[in-house]
Amino acid sequence: DSTATTGDLNTEAILVLDQADTVGTGTTTVDDALLITNSGGSTLTDAIQIGTGSQAIGTAINIGSTGVTTDISLQNGETITNDVNGTVLITSPTTTTSGDLVVQGTTGLTFNTGAGGDITFALGEKIDNDSDNQINLTLGTSGTLLLTSATASTIANSAGDLTVDSVADIILDA
């Protein structure tokens, strides 16, 4: 509610929509419960809040305008954007998933900014590419780099000789 009668006004909600059709009297499909535009050009701070309970909603947010610059702005400033077709950009210094992350596609996982990119595992082992033309495997204070295969395996350098270097003896156990 606003009691001001002049100047700039701020109102919590202009409209509350409720799809109250019940199954008992037949169903009514509503394509767009709310269509929001900004033809006047004034700032529109928050476009929508969807429900507060467990109401059945097919698609919560359908962003159809290519004029949207930030698709979703999260509570601490990170954003989710789809300005380029086929790309979903998550801006965050750290992105955490609570389950397994599955990467699909023909190029797999690509690190394309900064100095290399680290893949750090839960127990501290790490794969990094902090130096150009070099991949480092970090195993901790003592560890085993194990090649597991169901058939005979080969470690080879496709460009020629393979050099194995160590600060101590190299032991071959066959």
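Remarks
- Matching residues, the stretch 64-82, being modelled with pLDDT of 85 or more and under 19 Å from Leu17 (Cβ atoms): none
- Check on Leu147, in contact with a Ser or Thr (Cβ under 8 Å, 6 or more places away or on another chain), of a type outside the set (Ser, Thr, Tyr) and over 30 Å from Ile80 (Cβ atoms): yes
- Some residue of the stretch 126-136 being charged (D, E, K, R) and either at pLDDT below 80 or in contact with a helix residue (DSSP H, G or I) (Cβ under 8 Å, 6 or more places away or on another chain) (or both): yes
- Counting only residues that are modelled with pLDDT of 85 or more and more than 18 Å from Thr66 (Cβ to Cβ), the stretch 37-53 holds 2 of them.
- The stretch 51-160 holds strands (runs of 3 or more DSSP E) entirely within its bounds, and those carrying 2 or more residues that are open to solvent by 80 Å² or more (accessible area, probe 1.4 Å) and free of Cβ contacts under 8 Å to residues at least 60 places away in the same chain map to 89-91.
The values are calculated or read from the model by the stated rules, or taken from the named source; none is laboratory data. This structure is a prediction, so every number in the text was calculated from the model and none was measured. For neighbour counting, all protein chains shown are included, and Cβ atoms are generated from backbone atoms with ideal geometry for every residue, glycine included. Surface areas here come from the heavy atoms of the whole protein model, side chains and all, with no ligands, DNA or RNA. Shrake-Rupley method; radii C 1.70, N 1.55, O 1.52, S 1.80 Å.
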